[in-house]
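S.K.: Below: one structure in structure tokens.
The values are calculated or read from the model by the stated rules, or taken from the named source; none is laboratory data. If you're wondering where the values come from, they're calculated on a predicted model, not measured in any experiment. With ideal geometry, Cβ positions are generated from the backbone for all residues, glycine too; neighbour counts draw on all protein chains shown.
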Amino acid sequence: MKIKPIYVFNCLVIGILLVFLIPSTNESLALAANFQAEVRSEIDQILTAYIYLPLIRSGEPVSLEGMVFVPAGEFQMGCDLGHNGGLPCG
């Protein structure tokens, strides 16, 4: 019978978890607590880090011909029949 590598890996992972989850002495309790504190601090650093992903475009650039510049500001969404040039809203 041939043993698959994934089973060996799973057994190693379970064994390592059991070593940290079931401490046998006060020293191992302290080691486990220290390990958990280190892992938490690394996770906090990862979660608070910002990742910059630049926009990468492929193909032809978009043509701006025929477009109108609209300055930033507050805009109301919707349709106003009084200012719609006689066209229906919809």
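S.K.: Being part of a loop (DSSP other than H, G, I, E, B) and either among the acidic types (Asp, Glu) or under 15 Å from the mean Cα position of the chain (by Cα) (or both) is the requirement here; does residue 65 meet it? Explain how you work it out, then say what you get.
M.R.: Numbers: part of a loop (DSSP other than H, G, I, E, B): yes; either among the acidic types (Asp, Glu) or under 15 Å from the mean Cα position of the chain (by Cα) (or both): yes.
Yes: the conditions hold for residue 65.
S.K.: Follow-up question, since we're still on this one. Does residue 53 satisfy the criteria of being part of a loop (DSSP other than H, G, I, E, B) and under 19 Å from the mean Cα position of the chain (by Cα)?
M.R.: Yes.
S.K.: Mind listing whichever residues of the stretch 16-36 are modelled with pLDDT of 75 or more and surrounded by fewer than 10 Cβ atoms within 10 Å (Cβ to Cβ)?
M.R.: Answer for the stretch 16-36, where residues must be modelled with pLDDT of 75 or more and surrounded by fewer than 10 Cβ atoms within 10 Å (Cβ to Cβ): just 18.
S.K.: Taking only pairs six or more apart or across chains, which ones have beta-carbon atoms under 7 Å, a first residue in the stretch 66-90 that is in contact (Cβ under 8 Å) with a residue 40 or more places away in the chain, and a second residue that is surrounded by 10 or more Cβ atoms within 10 Å (Cβ to Cβ) and not in a loop (DSSP other than H, G, I, E, B)?
M.R.: none
S.K.: Right, something else. Of the residues in the stretch 40-79, how many are among the aromatic types (Phe, Trp, Tyr) and surrounded by 10 or more Cβ atoms within 10 Å (Cβ to Cβ)?
M.R.: So the answer is 0.
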